[in-house]
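Derivation of every value follows stated rules applied to the coordinates shown; laboratory data play no part. Small disclaimer: the values here were computed from a predicted structure and weren't measured. Cβ: placed from backbone, ideal geometry, glycine included. Neighbour counts: every protein chain shown.
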Amino acid sequence: MEKRYNLSKAAKELGVTRQTLYYWFKKGWVKPKRDYRNYPVFTEEDIRSIQKWRNTLE
């Protein structure tokens, strides 16, 4: 089973605040998957793709 991250843990992995990650959702720049409670969750692949996206901005 693939490891999943909640919003806070994903933000920590990415080196940003939880509020920054939430802002990216609202802007439509990041599309999180949802769990059965409709909370945003991220896989390791999602984290890597977000890191790649951030590196292209720099």
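Restricting attention to the stretch 3-35, report how many residues are among the polar types (S, T, N, Q) and in contact with a Lys or Arg (Cβ under 7 Å, 6 or more places away or on another chain). Quick ask: steps written out before the conclusion?
So in the stretch 3-35, the residues among the polar types (S, T, N, Q) come out as 6, 8, 17, 19-20.
Imposing the further condition that a residue be in contact with a Lys or Arg (Cβ under 7 Å, 6 or more places away or on another chain) reduces the set to 8.
Here the count works out to 1.
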For residues in the stretch 1-30 being small (Gly, Ala, Ser) and surrounded by 12 or more Cβ atoms within 10 Å (Cβ to Cβ), which is nearest to Arg48 (Cα to Cα)?
Ala10
Tally the residues that are under 9 Å from the mean Cα position of the chain (by Cα) and outside any helix (DSSP H, G or I), restricting the search to the stretch 7-32.
3
What pairs come out if I take residues in the stretch 1-12 that are under 10 Å from Thr43 (Cα atoms) and pair them with residues that are among the aromatic types (Phe, Trp, Tyr) and loosely packed, with under 14 Cβ neighbours inside 10 Å whose C-beta lies under 7 Å away, six or more apart or interchain?
Asn6/Tyr39
Regarding the stretch 33-51, can at least one residue be identified that is surrounded by 15 or more Cβ atoms within 10 Å (Cβ to Cβ), of a type outside the set (Val, Ile, Thr) and assigned to a strand (DSSP E or B)?
yes
